[in-house]
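Asks: Have a look at this one.
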Amino acid sequence: MNRFAHSAALLVFAGATNLVLAQQDVVADPTHHKLVFENDCVRVVRAIFGPHEKSDGMFDIKSVVIVTLSEGSGFKVTFPDGTFVEPVPEKLGHVAWAPAAPSARIGVENTGNYRIEYLVIEPKAGCNN
């Protein structure tokens, strides 16, 4: 799987899921996801996962830009039905667009031995600035 496909898979992960309530990453997984900036046009979240750490809970995914801030072995991404996407190594500074899929939720796990850090940049609809 190429890097773009992996990055897209990281946050898109098409598949039908049961959507109970919308869960932002910073709400479902505050241990690893921190809101660092937000205005009417964009929302930016910094995510940091130590070796072998996984998200506290599953969260909804939106169309985002992902910026990799560290090199690492990548993430295992799990869907509510238990299926998952295997990790692919990421390079420092890698940037990718990850389009959202309707009703998609994911859980994230760093399967490697090194800390992984990335930014999630979510553009907001209707911004004309």
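Read-outs throughout are calculated quantities, based only on the coordinates presented, and are distinct from any laboratory measurement. These figures come from a predicted structure and were not determined experimentally. Please note: Cβ atoms are built from the backbone with ideal geometry, for glycine as well, and neighbour counts cover all protein chains shown.
Asks: For Glu53, what residues show an amide H to amide H distance below 5 Å, using hydrogens built from the backbone and excluding near sequence neighbours?
Replies: Asn110
Asks: Quick one: dipole size for segment 67-129, taken about the Cα centre, charges +1 on Lys/Arg Cβ and -1 on Asp/Glu Cβ, in debye to the nearest 20. Show your work: numbers first, answer last.
Replies: Details: 5 positive and 7 negative charges, 27 e Å.
Taking the Cα centre of segment 67-129 as origin, the dipole is about 140 debye.
Asks: With Cβ to Cβ distances under 12 Å as the rule, what net charge do the other residues near Pro51 carry (K, R +1; D, E -1)?
Replies: Numbers: positive: Lys54, Arg115; negative: Glu53, Glu109.
With Lys, Arg at +1 and Asp, Glu at -1, the net is 0.
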